[in-house]
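A short worksheet on the structure shown next.
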Amino acid sequence: MELGQFRLGMRTVKTGIAVAICILIFHYSGRGTPMIASLSAVFALREDIETTVKFGKSRILGNSIGALIAALFIFIQGQLGSSFLIELIGIPFCIMFIIIICDGINYNSGIIGAIATLLIIYFSIPNNETFIYALERVGDTFIGTFIAITINHLIRTPAHEEVKEIKADLKTLDEEKAELEELLNDTKPKNSKKK
């Protein structure tokens, strides 16, 4: 359905359904906030099942790295004492450590997700919780990703919408390519004429 430049496609509908299912599961299971599961579902749900699985794996790996680093920092902070100075130095250090790890394993696409997970876990962790809380958040990632994959498998995008989405993605890529080429041309050194 389109209204001018605004459209409601199947991927949008499937994303809404996936988030609704996350909310329902967490509400009736008493699992807590569905924030990470919902974010994982939104991140993972793509135009087709293969891409959804790929992005889902990426989300799970990123969240696992972020949760592990968060749990380790919370443990270390518990040993050193919970002070503002340790937080002020430790959290940026953890972020740099995540970037180094992700870059070292050639997983640059997961850096933002891993850092987001670290920050969400660290700044929302209840008192007296550590590893279990972090592990539960990784579990939330699995739940959201599984829901996205299931929804994408059960609700197929009609072929004409897939073509529209691909064309829109190609248009965006062409625009980004043009911007990058323009930026590249602007940064080329100018040849100076010899006198």
For this session: Out of R59, R7, report the one residue that is open to solvent by less than 70 Å² (accessible area, probe 1.4 Å) and charged (D, E, K, R).
Result: R59
Exercise. How about the stretch 101-111: which of its residues are part of a helix (DSSP H, G or I), under 18 Å from the mean Cα position of the chain (by Cα) and surrounded by fewer than 15 Cβ atoms within 10 Å (Cβ to Cβ)?
Worked result: D103, N108, S109
Seminar exercise, completed: Pairing a residue in the stretch 1-18 that is under 15 Å from H153 (Cα atoms) and at pLDDT 90 or above with any residue that is part of a loop (DSSP other than H, G, I, E, B) and not hydroxyl-bearing (S, T, Y), where Cβ atoms lie under 9 Å and the two sit 6 or more apart in sequence or on different chains, gives V13/I155; K14/L45; K14/I155; T15/L45; I17/I155; A18/L45
For this session: Any chance you could count how many residues in the stretch 164-182 are modelled with pLDDT under 80 and farther than 17 Å from T52 by Cα?
Result: 3
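Tally up the residues in the stretch 154-185 that are loosely packed, with under 12 Cβ neighbours inside 10 Å and part of a helix (DSSP H, G or I), please.
Residues flagged as loosely packed, with under 12 Cβ neighbours inside 10 Å and part of a helix (DSSP H, G or I) within the stretch 154-185 amount to 22.
Tell me, which residue of the stretch 24-38 that is under 18 Å from the mean Cα position of the chain (by Cα) and more than 15 Å from F146 (Cβ to Cβ) is surrounded by the most Cβ atoms within 10 Å (Cβ to Cβ)? Reasoning before the result, please.
Kept after step one, since they are under 18 Å from the mean Cα position of the chain (by Cα), are these residues of the stretch 24-38: 33-38.
From the residues that got through so far, the ones that are more than 15 Å from F146 (Cβ to Cβ) too are 33, 35.
Details: T33: 13, M35: 15.
Filtering the stretch 24-38 for residues that are under 18 Å from the mean Cα position of the chain (by Cα) and more than 15 Å from F146 (Cβ to Cβ), the one surrounded by the most Cβ atoms within 10 Å (Cβ to Cβ) comes out as M35.
Find the residue count for the stretch 115-131, including only residues that are open to solvent by 30 Å² or more (accessible area, probe 1.4 Å) and over 13 Å from the mean Cα position of the chain (by Cα).
Step one: of the stretch 115-131, the residues open to solvent by 30 Å² or more (accessible area, probe 1.4 Å) are 116, 119-120, 123-131.
Narrowing further to those that are over 13 Å from the mean Cα position of the chain (by Cα): 123-131.
Residues meeting the conditions: 9.
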Seminar exercise, completed: Across the stretch 78-100, the tally of residues that are at pLDDT 85 or above and either open to solvent by less than 50 Å² (accessible area, probe 1.4 Å) or of a type in the set (F, W, Y) (or both) stands at 9
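The values are calculated or read from the model by the stated rules, or taken from the named source; none is laboratory data. Just so it is clear, the model here is predicted, and its values are computed rather than measured. We place every Cβ from the backbone using ideal geometry, glycine too, and count neighbours over all the protein chains shown. To get the accessible areas, we keep the full protein, side chains included, count just its heavy atoms, and leave off ligands, DNA and RNA. Shrake-Rupley method; radii C 1.70, N 1.55, O 1.52, S 1.80 Å.
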